[in-house]
Amino acid sequence: MQCRNAVKRIFIPTKSGSDWQGLLAKPKLHWKKGASAMTAAAAWEDAGGALPQEIATMLDSANDEALRRLRLLAVFPEWEVSLEGGETASHTDVLALASNDKGLCVIAVEAKVNEDFGPLLKDKRAETSAGQGKRLDYLHSLLGVPHFDDLIRYQLLHRTASALLTAREFHAQAAVMLVHSFADKPNLRADFDSFCSALRAKQLSFGVHVAPTFSGPRLYMAWCSGNREYLDVELPSVF
């Protein structure tokens, strides 16, 4: 018998971007034109079996052999990763598997329009849950940082952890936590840059950083501006 809270690993192909709606935690609430869920679905479905062009171009620009000329293998919307502490899995908006002549690359995509990266670490630390404390300790250990500053956004920790853990499961050579931003709000970019600095990441090109302490797999953080035309795409609801 399957555990009630087990993460499912059975997937079926989509017929259109509307098929992404049913995977959302709140399908009716979050499925709106101009919101991140619908915008990301439209952009990725329209890419025609490849990485969205702006993402492929940006990763190529890093001039890193692990990211150059990546070929898309599969895309999994709303990819879930179990993390130590608590019962809630981390939900990645888009998980992309890609490869080149050097091997496999896992790209965990966080799509953003107007949303921020959630609570600050100081707010999460203020919670008294034993499970929350255990999860924070685990994320610090996994990411190799003894203590993240209170003003770092919590979501960036567990999304990056999801990319890293998934890459390890697939024996990939590279893990990328990528923010696909369709609005480019300055405060979001500032939060991303602060997180990269906390990991002591080296900038490879505009928007692409690599964390020097990870080698199996190598860990990258990337910020990519999405095509804003998809903000005006309205996909039918299946509910």
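A few points about this structure:
- Annotation: aspartates and glutamates with alpha-carbon distance below 12 angstrom to Lys102 (same-chain offsets under eight excluded): Asp64, Glu65.
- Compactness of segment 1-123 as Cα Rg over 2.2 N^0.38 Å, two decimals: 1.16
- Computed from backbone phi with θ = phi - 60° and the Karplus coefficients 6.51, -1.76 and 1.60, the 3J(HN,Hα) list for segment 195-209 is 5, 4, 5, 5, 8, 6, 6, 9, 7, 8, 7, 4, x, 10, 10 Hz; x is used for glycine and proline.
- For the chain, built as a Gaussian network whose Cα springs stay under 10 Å, the top-fluctuating residue of Gly226, Gly131, Gly34: Gly131
- Within straight-line cross-link reach of Lys124, lysines at Cα separation under 25 Å, skipping those fewer than 8 residues along the same chain: Lys26, Lys112, Lys134, Lys185
- Compactness of the chain, expressed as Rg and Dmax over alpha-carbon positions, Å: 17.1, 48
- A cut-off under 13 angstrom between Cβ atoms defines the neighbours of Lys32, and their net charge, with Lys, Arg +1 and Asp, Glu -1, is 0.
- Packing, as the average of other Cβ atoms within 10 Å across residues, places the peptides 54-63, 114-123 in the order 54-63, 114-123, highest first.
- Inter-probe distance in nm under a simple model that places probes 7 Å from Cα toward Cβ, at Asn187 and Asp232: 2.8 nm
- Report note on the peptides 213-219, 189-195: ranked by the mean count of other C-beta atoms within 10 Å, highest first, their order is 189-195, 213-219.
- Gyration tensor over the Cα atoms of segment 160-239: the corresponding equivalent ellipsoid has semi-axes (square roots of 5 times the eigenvalues, largest first) of 27, 18, 10 Å.
Coordinate-derived values only; no laboratory data. Quantities reported herein were computed from a predicted structural model and do not represent experimental measurements. Cβ sites come from the backbone with ideal geometry, for glycine too, and all protein chains shown count toward neighbours.
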